[in-house]
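Just so you know, all these numbers are worked out from the coordinates, no wet-lab data involved. Computed from a predicted structure; not experimentally measured. Counting neighbours? That spans all protein chains shown, and the Cβs are built from the backbone with ideal geometry, glycine included.
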Amino acid sequence: MKAVVIGCGRVGSAVAKGLLADGWDVTVVDEREDAAVRLGDGWTGGFLVGHAMDTRVLEKAGVADADAAVVATNGDNTNLVIGQVLQKRYEIGNVVVRVLDPARATFYGERGLHTVCPTQTAISVLLDALRPTAAAGAAEAG
C-alpha cells in the first residue's frame, strides 16, 4: 500500500512513521527540508521538499499510485485545497484531512471530504470528562 503524507510536523511525521511501521510505502512532502528530522535516523520512506499545492510536487511524491493520503500542514485552507485535489484530480480513494476549525471540518465533511478535527475532539473529550463529575455532584446534592 502506498501513502503520501503532506506535512511533516508532529502529526504528519507520527502518522508517516506509523504507516511505515505497518508496512506501507510512505512518501512525506514538506516545504522545509529540516522537517525531515522528525522522521528520525531510521526513516526508510521517501521525503520530498516542496509545496503540495504544486501538482508537479504531488506527482513526484507518487500520488498517481497512492492508495491513501493524509494532509496535515499547519493551515486549514491549504489542507482543504490539497485534500480536494488529491481526492478529485488524482482520485485517491482514502484522503484524510486535518482541519482545526470545527465548522469548516463539518462543512467539508458533509461534502464528502474525510476530515479529522482535533479541536472538536478536544472539546468533546473535555466535556465528557466534566459531565460525570457534574452528574455525581448533582446526585449528591439531590
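Answer with yes or no whether Glu110 is surrounded by fewer than 16 Cβ atoms within 10 Å (Cβ to Cβ), over 23 Å from Thr27 (Cβ atoms) and acidic (Asp, Glu). Against the criterion (surrounded by fewer than 16 Cβ atoms within 10 Å (Cβ to Cβ), over 23 Å from Thr27 (Cβ atoms) and acidic (Asp, Glu)), Glu110 qualifies. Taking Leu58 as meeting all but one of (1) under 17 Å from Tyr90 (Cα atoms); (2) within 13 Å of the chain's Cα centre (by Cα), write down the number of the exception. It fails just one condition, (2).
Scanning region 68-104 for residues that are over 24 Å from Pro118 (Cβ atoms), touching a residue at least 12 places away in the same chain (Cβ under 8 Å) and either under 11 Å from the mean Cα position of the chain (by Cα) or part of a loop (DSSP other than H, G, I, E, B) (or both) yields a single hit, Tyr90.
The residues of region 1-29 that are in contact (Cβ under 8 Å) with a residue 40 or more places away in the chain and assigned to a strand (DSSP E or B), listed by number, are Lys2, Ala3, Val4, Val5, Ile6. Only one entry of Gly62, Gly50, Gly42 meets the criterion of being out of contact with any helix residue (DSSP H, G or I) (no Cβ under 7 Å at 6 or more places or on another chain), of a type outside the set (Ser, Thr, Tyr) and without any contact (Cβ under 8 Å) to a residue 24 or more places away in the chain, and that entry is Gly42.
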